[in-house]
Amino acid sequence: MIDKIITTDVLIIGSGGAGASAAIKASECTVDVTIVTKGRMGHCGATVTGEADCDVDGKSLCDFGLPADPRDNQEIFFEDIVKGGKFLSNQKLIEIHVKEAPDRLKELIEWGVRIERVVKASGHTYKRGAIIPGNTLMPILKREVEKRGVNVIEDTMVTNLLTNGGRVVGAVALDIQNGEFIVFKAKAVIMATGGCMGIYPFTTAPEELTGDGYAIAYRAGVELIDMEFPMFIPGAFVWPPALKGVIVPFLLSAAGEVHGWLLNKFGERFMERWAPKTMEHSTRDIVSVAMMMEILEGRGSPHGGVYVSLKHLPDNLIEDIPNWRPMVKDWKYGGFDLKEFFPLDKLKKEAMEAAPYCHFTNGGIKINEKCETNLLGLYAAGEVAGGIHGSNRLSGNAFTAMLVWGARAGKFASEYALKTDFGEIDINQVEAFKNKIFKVFERTEGIKPIELRKRIQKLAWENCGVIRDESGLKFAIKEIERMRDNELPRLYLTVKTKVYNKEWVEALQIDNMLLILEMIARAALLRTESRGAHYRKDYPYTDYKNWSKNIVIRELNGKMDLYTQPVIVTKLKPPEKILPYGMVE
Amino acid sequence: MAEVKKIITVKIFRFNPKEGQNPKYQTYKIPLTEGMSVLSILKYIYENEDSSLAFYYSCRIGKCNGCYLIVNGKIVKACTTIVHDDITIEPLHGFKIIRDLVVDLKVKT
Ligand SMILES: Cc1cc2nc3c(=O)[nH]c(=O)nc-3n(C[C@H](O)[C@H](O)[C@H](O)COP(=O)(O)OP(=O)(O)OC[C@H]3O[C@@H](n4cnc5c(N)ncnc54)[C@H](O)[C@@H]3O)c2cc1C
């Protein structure tokens, strides 16, 4: 019945920056460590795609000899995170976060990471973003993981956690390469599966990030927090097809760099209506909402976005950009040759087209300072963990989070594993999970995974995306329930092979996507205000007075249950006011 | 919206050694719109023509280096290679083939 059993002290699910950091730290204890990943290590997850700034306070950066501002310190960094997250961050976590960020950066430098620049992004009082491209970071982390003899199992998708007597005892997975059913026996499990951006049709992130970790944890009775805050970025190209998902280089640039103007189809620079002072350089949440409003109200561009124009700049300045702008050196960007689509001469005359794309998941599995969840033996770190970013993450702070909390999860999980025995595997549970994985092969007709995936994504985009309101969210919840009851049970595969069957993987992901969309919709409906990445058209103000609290989601008696809890405050109290959306304080 | 420029012929290597199927080339007729990459074509086939096609990719934006393939005899990334005409797509040479365009990079042949 079981094709393979793998026994390991610490099982890490996910091979991105958080999983790798956890593995490296866990190996410092005398425990054996296994990473299991849905893709291929170094070639999957969001970490490799980061451009990427990694935040550390300016003073510490100066101590490392990097070009930053010594007036900055950990207190100010702390304040920026709390304010950027609009006072929903767990401040106990943030104190640790700012304190341990320099330790992690120091380690990276020792492992050979080179930092050439430090940037100041919006929302930061000072320059803090040490530039560490994800595709140079990941090979170094992978090398350090391999050096420590960590077992890495690739092309393998975890579908459920195994529990017994209120603790985690392992996990089950599908080996995508050959269709084998694998049981992992583990003393401790670290969830490091990244975000759930893949539930949206427009995302800058790898499409395999369908939030499996949130769903897997939820089904094992684990609590999640701040799920109403998937974050959108303004913006990525909507045209041409090959560039879909690629961030437009002139929108998210750091302070002091060239910015495109955002225009609607009437040529209006619509940011004037939202943030007349900061305009296109406002924080990502506001720019995304502004762009989306133009698109939804029919003032967008032909391919479903808005216009990004450089025409306000003199021709010779445009020609010079590739010479000084590191991100678009030689007019190449992220591996694409922009000359194919946007030769510089064209940019002097024509605008590009961009839309907000889902970029990050602010919320996630609820953790404490030791990365523990409410399920004994289960830890979470990186993007899958919630509580750090509150309602909106600062640029560069996801890398910091993945390094700091990845390492902490590795430390505490391995310490726990050292003093724990393997738990008993419940064979009935294993059997039930296996049946669920293979069930789709039994049906010969019904709904194809791709069809249902597209329907879920459309619903996510139109009703649970950048702009929300009560009727849209209520409609979404009804639709989700209908899909869950009538369509999910009718999923079938047109492809019968067990060897690298993409349709099969897609069917397993859909189950998770639908569950997470329900979390987002229910939490977004409950939060009757607008804050950070959550914008309610029907409640366009931030209600610091009544809504400075977190929404927690869990399964209770087979149903999705939501409750609110007070924000954990150590230093910085939320204001007592009700303010128009977008105002900081 | 995206206008179809022309219909191109896409020839793809298919092979399922584990389940005893012999290697062969399969051709697809694909409506090409401007600015489609090799990856856009593969995804188009998977979503609209033939879901049994196996290929690996992750980031779609030239960063993860996961989608290297042989296109018209040259090693390229599927996501950043723009298609203008008929193409032939094969898996990377020298590695064990898992299925179709997916190879096991840990096993050299
Ligand atoms: C285009 C882009 C640019 C970015 N730029 C920046 C930046 O400049 N600065 C910054 O701070 N942040 C940036 N971010 C965010 C940052 O990259 C991520 O938040 C961070 O890398 C997440 O790391 P992680 O290890 O938690 O998850 P990931 O790196 O996403 O890794 C998740 C891993 O889990 C695996 N997995 C998922 N589901 C399963 C399953 N069911 N079974 C087994 N394995 C599974 C995946 O295959 C993957 O290996 C960017 C994100 C994107 C998309």
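Within the stretch A:371-388, which residues are more than 9 Å from the ligand (Cβ to nearest atom), open to solvent by less than 10 Å² (accessible area, probe 1.4 Å) and either in contact with a Gly (Cβ under 6 Å, 6 or more places away or on another chain) or part of a loop (DSSP other than H, G, I, E, B) (or both)?
A:371, A:377, A:386, A:387, A:388
Give just the number: which of (1) within 26 Å of residue A:451 (Cβ to Cβ); (2) at the interface with another protein chain (Cβ under 9 Å from one of its Cβ atoms) does residue B:104 not satisfy?
Only one criterion is unmet by residue B:104, namely (1).
Could you say whether any residue in the stretch B:73-82 is surrounded by fewer than 16 Cβ atoms within 10 Å (Cβ to Cβ), under 12 Å from the mean Cα position of the chain (by Cα) and under 17 Å from residue B:27 (Cβ atoms)?
no
Quick one: count up the residues across the stretch A:556-581 that are out of contact with any Pro (no Cβ under 9 Å at 6 or more places or on another chain) and part of a loop (DSSP other than H, G, I, E, B).
The number of residues fulfilling the criteria is 12.
Within the stretch A:510-527, does at least one residue satisfy the condition of being assigned to a strand (DSSP E or B) and either modelled with pLDDT of 95 or more or at negative phi (or both)?
For the stretch A:510-527, residues assigned to a strand (DSSP E or B) and either modelled with pLDDT of 95 or more or at negative phi (or both): absent.
Residue by residue through the stretch A:194-234, note down the ones that are assigned to a loop (DSSP other than H, G, I, E, B), more than 14 Å from every other protein chain (Cβ to nearest Cβ) and within 11 Å of the ligand (Cβ to nearest atom).
A:196, A:211
Quick check: anything in the stretch A:451-474 modelled with pLDDT of 95 or more, touching a strand residue (DSSP E or B) at 6+ places or on another chain (Cβ under 9 Å) and farther than 24 Å from residue A:289 by Cα?
Yes: one or more hits.
Filter the strands (runs of 3 or more DSSP E) completely within the stretch A:1-96 down to those with at least 1 residues that are more than 8 Å from the ligand (Cβ to nearest atom).
A:4-13, A:33-36
Does the stretch A:358-370 contain at least one residue that is of a type in the set (Phe, Trp, Tyr), assigned to a helix (DSSP H, G or I) and away from chain B (no Cβ under 14 Å)?
Looking through the stretch A:358-370, none of the residues is of a type in the set (Phe, Trp, Tyr), assigned to a helix (DSSP H, G or I) and away from chain B (no Cβ under 14 Å).
Kindly check whether there is at least one residue in the stretch A:459-477 that is touching a Pro at 6+ places or on another chain (Cβ under 7 Å) and open to solvent by less than 10 Å² (accessible area, probe 1.4 Å).
yes
What do you reckon, is residue A:302 open to solvent by less than 40 Å² (accessible area, probe 1.4 Å) and either not in a loop (DSSP other than H, G, I, E, B) or not aliphatic (A, V, I, L, M) (or both)?
No, not satisfied.
Within the stretch A:339-348, is even one residue away from chain B (no Cβ under 14 Å) and open to solvent by less than 10 Å² (accessible area, probe 1.4 Å)?
Checking the stretch A:339-348: at least one residue is away from chain B (no Cβ under 14 Å) and open to solvent by less than 10 Å² (accessible area, probe 1.4 Å).
Can you work out which of the residues in the stretch B:1-40 that are more than 10 Å from chain A (Cβ to nearest Cβ) and touching a Leu at 6+ places or on another chain (Cβ under 8 Å) is modelled with the lowest pLDDT?
Per the stated criteria, the residue is B:4.
Going by what's in this entry, would residue A:286 be described as within 14 Å of chain B (Cβ to nearest Cβ), on the phi < 0 side of the Ramachandran plot and open to solvent by 10 Å² or more (accessible area, probe 1.4 Å)?
no
Across the stretch A:107-120, what is the number of residues that are touching a helix residue (DSSP H, G or I) at 6+ places or on another chain (Cβ under 9 Å) and either part of a helix (DSSP H, G or I) or among the β-branched types (Val, Ile, Thr) (or both)?
5
The values are calculated or read from the model by the stated rules, or taken from the named source; none is laboratory data. Everything numeric in this text was worked out from a predicted model, so none of it was measured. Neighbour counts are summed over all protein chains in view; Cβ atoms, including those assigned to glycine, are modelled from backbone coordinates with ideal geometry. Accessible surface is based on the protein model in full, side chains and every heavy atom, while ligands, DNA and RNA are left aside. Shrake-Rupley method; radii C 1.70, N 1.55, O 1.52, S 1.80 Å.
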